[in-house]
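Working notes for the structure below.
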Amino acid sequence: MPELTTQVLELLAAEPKLRPADMARRLSVPEWELARRLPADIIFTLPGIHAQTILEQVSEWGRVTTIMEVAGSVFEVKASIPKGRVGHGYYNLFGEPGQLHGHLKLDAVANISLQSKPHRGNEAYAVVFYDAHGSCIFKIYLGRDEQGTLYPEQVMAFNALKELKHV
């Protein structure tokens, strides 16, 4: 059986439109194990310690799409991420009506990936948060205008997150 990295690259070449989550399911590996083996032009990884900093920056980006996938069901919130605050062991999001609201256990975020991979034929960028088992906790996709065009200022801010690697 070929090494996992080889399998990932072969699957990507054979089916480039597959989402990383679907690729992981196909190879029967946690999503993080798949993601960290994608080519550098698709993936940029960061340790989970940067989760709060990233969320604070994303809260300034405007409308994004937050996705949570559980047991095959996909839930989406298309709104800006509210600024959160730490308390009682969580990063607490207290959104306005229509915004995301919840409590993220920051120390449960083991890894983060910045993904630049086309989705359904469109350029797409996502910040993906993973737990220690390699499962996806949630994803934040950059927003689009009414014509479906990515907001250029969000793309610039997304790429600037890569500088956290040097912090």
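The values are calculated or read from the model by the stated rules, or taken from the named source; none is laboratory data. Given the structure is predicted, the values throughout are model-derived calculations rather than measurements. Positions of Cβ are generated from backbone atoms using ideal geometry, with glycine treated the same way; all protein chains shown enter the neighbour counts.
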Note to self: Anything in the stretch 150-167 that is outside any helix (DSSP H, G or I) and farther than 18 Å from SER80 by Cβ? List them, or say none.
What the structure shows: VAL167
Margin query: Please go through (1) farther than 24 Å from GLN154 by Cα; (2) small (Gly, Ala, Ser); (3) in contact (Cβ under 8 Å) with a residue 60 or more places away in the chain for GLY87 and return the number of the only condition it doesn't satisfy.
Written below: (3)
Next item on the list: Determine if the stretch 129-149 includes at least one residue that is part of a loop (DSSP other than H, G, I, E, B), of a type in the set (A, V, I, L, M), surrounded by fewer than 20 Cβ atoms within 10 Å (Cβ to Cβ) and modelled with pLDDT of 90 or more.
Entry: yes
Note to self: Restricting to the stretch 82-99, and then to whatever is of a type outside the set (Phe, Trp, Tyr) and touching a Leu at 6+ places or on another chain (Cβ under 6 Å), can you tell me which residue is farthest from ILE49 (Cα to Cα)?
What the structure shows: PRO82
Check: Among the listed residues THR53, THR65, which satisfies the condition of being in contact (Cβ under 8 Å) with a residue 24 or more places away in the chain, surrounded by fewer than 17 Cβ atoms within 10 Å (Cβ to Cβ), more than 28 Å from PRO16 (Cα to Cα) and polar (S, T, N, Q)?
Finding: THR53
Note to self: Among the residues in the stretch 108-128, are any in contact with a helix residue (DSSP H, G or I) (Cβ under 7 Å, 6 or more places away or on another chain), at positive phi, modelled with pLDDT of 95 or more and in a loop (DSSP other than H, G, I, E, B)?
What the structure shows: no
Next item on the list: Name the residue, out of SER80, SER113, SER73, that is crowded, with 19+ Cβ neighbours inside 10 Å and free of Cβ contacts under 8 Å to residues at least 40 places away in the same chain.
Entry: SER80
Checklist line | Subset of the stretch 20-29 that is surrounded by fewer than 17 Cβ atoms within 10 Å (Cβ to Cβ) and within 16 Å of ILE43 (Cβ to Cβ) - its residue that is modelled with the lowest pLDDT | finding: ASP22
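The rows are residues; the columns are (1) in contact with a strand residue (DSSP E or B) (Cβ under 7 Å, 6 or more places away or on another chain); (2) within 25 Å of ALA24 (Cβ to Cβ).
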{"residue": "PHE75", "(1), (2)": "yes, yes"}
{"residue": "LYS105", "(1), (2)": "yes, yes"}
{"residue": "GLU123", "(1), (2)": "yes, yes"}
{"residue": "VAL128", "(1), (2)": "yes, yes"}
{"residue": "GLY134", "(1), (2)": "no, yes"}
{"residue": "MET156", "(1), (2)": "no, no"}
Checklist line | Near pairs, Cβ below 7 angstrom, 6+ apart or cross-chain, from the stretch 130-149 (of a type in the set (A, V, I, L, M, F, W, C)) to any residue that is assigned to a loop (DSSP other than H, G, I, E, B) | finding: ALA132/ALA110; ILE137/VAL109; ILE137/ASP131; ILE140/ILE81; LEU142/TYR151
